[in-house]
Ligand code: PLP
């Protein structure tokens, strides 16, 4: 029998196998402080959450002030100033016709609400046959049954398969490192993937598909897949051709992380519905949002006039205040511009120190949202055996060198090959000196793991 773990909070692999997680007792700026006194550089901002770093008193004081003024109200007939201001910042002067925001607590709730919103929209406009949702392999959309139904990671699905929403299916992601053919141009690859989506829509039946869900930049599920130029425009075209709503999940990749506020701003098109979370709240409160285009709002107005989706803690004043304070710091401290500059430093630094490493297949991503994918051989792009928990070994080694990274989900799924990868997503407020510390820790960790023959 394995030794009983002394912590009682998690039921994760480590805990079940008696490897207790370390206790973290404090955090300031880009560093976490462990119980034993070690300072660890937060090279993943939790899970791409701590966008402005930890312990920011400008946010904390505003939350305290909000709680002492108005700690809670229900949203059935009331709203609060912080939520209203925040909504204006998020949808205000953005191109693309996003006009409303619904505030929830987690990314999963936001995506679950987006599923329901897409469905209700079509009922309201008199197209009730549209019940099907298409998403992509190698994707993660959250924890609830609806979100798992869209998620394209077999290990996250398999225990729950019989209970998942049957009217869902998946097509290929845009994963150029592994799936763009030799000599195939970006335009041809985009076209091929758009054709696959079109074929899937036709297979389900015209007038039967409600929405296509995609992460604008795939995060933990496959290690920072940035679409080739033109891909999302092709996808937008196919969605429009068949009246399908385009829902972009920017829970992880959004809110400045790619060097623009919304990741879709790189792509020359706009979504009908967008979900955000994580960096929006910076980790100070639980806050996510669904951003909704006028087209969808008009659809609801023309029907019942109300979205049938309310939650007790929706638009919580303290959470909305945290989001607003984080957005104010984005503005005053030039956080998105810092992300773009530090992102280039991190990418270039990783490339110059690790680009020639025999097992680093690709270093990719955008802004401060970067991954390294590992291969046995660069020439064949072959992956390490499923039995070798490479990402976890790298995670441990880099942690012991002083930085915490995100090791993402598994590899080699039934949906296709995904190499082992590690993900870097430090606070967007990170300094150049801290970027260098990340590069040193990552290099030292990788060298240590590959010092043993794998
Ligand atoms: N969507 C994406 C792309 C995510 O990365 C996550 C979380 O990692 C979620 C949705 C779910 O968010 P949450 O864990 O806040 O429910």
>> Restricting to region 87-138, and then to whatever is within 11 Å of the ligand (Cβ to nearest atom) and surrounded by fewer than 23 Cβ atoms within 10 Å (Cβ to Cβ), can you tell me which residue is nearest to residue 322 (Cα to Cα)?
In response: 105
> Which one is nearest to the chain's Cα centre (by Cα), of the residues in region 27-63 that are surrounded by fewer than 21 Cβ atoms within 10 Å (Cβ to Cβ) and in a helix (DSSP H, G or I)?
Replying inline: 47
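Quick grid of which residues meet (1) more than 16 Å from the ligand (Cβ to nearest atom); (2) touching a strand residue (DSSP E or B) at 6+ places or on another chain (Cβ under 8 Å):
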| site | (1), (2) |
| --- | --- |
| 153 | no, yes |
| 181 | yes, no |
| 185 | yes, no |
| 190 | yes, no |
| 204 | yes, yes |
| 215 | no, yes |
> Can you tell which of 268, 256 is on the phi > 0 side of the Ramachandran plot and surrounded by fewer than 22 Cβ atoms within 10 Å (Cβ to Cβ)?
Replying inline: 268
>> Out of 286, 319, 315, I need the residue that is buried (at least 24 other Cβ atoms within 10 Å of the Cβ) and within 16 Å of the ligand (Cβ to nearest atom). Which one?
In response: 319
> Are any of the residues in region 231-247 within 14 Å of the ligand (Cβ to nearest atom) and within 19 Å of residue 273 (Cα to Cα)?
Replying inline: yes
>> Can you tell me which of (1) outside any strand (DSSP E or B); (2) in contact with a helix residue (DSSP H, G or I) (Cβ under 9 Å, 6 or more places away or on another chain); (3) touching a residue at least 12 places away in the same chain (Cβ under 8 Å) is the one residue 178 doesn't meet?
In response: (2)
> Taking interchain pairs and intrachain pairs at least six residues apart, which have beta carbon atoms under 9 angstrom, with the first residue in region 142-160 and more than 16 Å from residue 114 (Cβ to Cβ) and free of Cβ contacts under 8 Å to residues at least 24 places away in the same chain and the second part of a loop (DSSP other than H, G, I, E, B) and away from the ligand (no atom under 11 Å from the Cβ)?
Replying inline: 157/164
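Values in this text are rule-based calculations from the coordinates and carry no lab data. Here the structure is a predicted model, which means the values were calculated and not measured. Reconstructed Cβ throughout: ideal geometry from the backbone, glycine too, with neighbour counts over all protein chains shown.
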